[in-house]
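The values are calculated or read from the model by the stated rules, or taken from the named source; none is laboratory data. Remember, predicted model here, so these are calculated numbers, not experimental data. So basically every Cβ, Gly included, is an ideal-geometry build from the backbone, and we count neighbours across all protein chains shown.
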Amino acid sequence: MKIKNVIIISVVLVVLALVKIFFLSPKQNKPGGKTAGAPPVALIRAAIVKRAELDNIITSSGSIMANEEVTLNPEMAGKIISRNEASASIALSG
């Protein structure tokens, strides 16, 4: 039984060594060929870049909604008759 196991392990190791030698070894160029001693050629793509002005314009369709809303309440009892600032104007402090 022991001899049979040793033979099986030996055959498996030989098969693995042959697979490594024939299939997993790196390919080498033949000497005297076109690429003998020359570095490999790298193919690149390039483009000429020119300075240009960019337009920062955004065009979209839809509706605009405010993210904040203000309700005016008087400090005194009564109705607000008029406001002295224009509609949609920027409020200053105070």
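Go through the stretch 45-56 residue by residue and tally those that are of a type in the set (A, V, I, L, M) and modelled with pLDDT under 90. Lay out the reasoning, then the answer.
Initially, the stretch 45-56 is screened for residues of a type in the set (A, V, I, L, M), giving 46-49, 52, 54.
Narrowing further to those that are modelled with pLDDT under 90: 54.
Number satisfying all stated conditions: 1.
Yes/no per residue for (1) among the polar types (S, T, N, Q); (2) modelled with pLDDT of 90 or more:
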{"position": "2", "(1), (2)": "no, no"}
{"position": "9", "(1), (2)": "no, yes"}
{"position": "12", "(1), (2)": "no, yes"}
{"position": "20", "(1), (2)": "no, no"}
{"position": "36", "(1), (2)": "no, no"}
{"position": "63", "(1), (2)": "yes, no"}
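Between a residue in the stretch 37-56 that is part of a loop (DSSP other than H, G, I, E, B) and any residue that is surrounded by 10 or more Cβ atoms within 10 Å (Cβ to Cβ), which pairs come within a Cβ distance under 9 Å, given they are 6 or more apart or on different chains?
From residues that are part of a loop (DSSP other than H, G, I, E, B), the pairs are 41/35.
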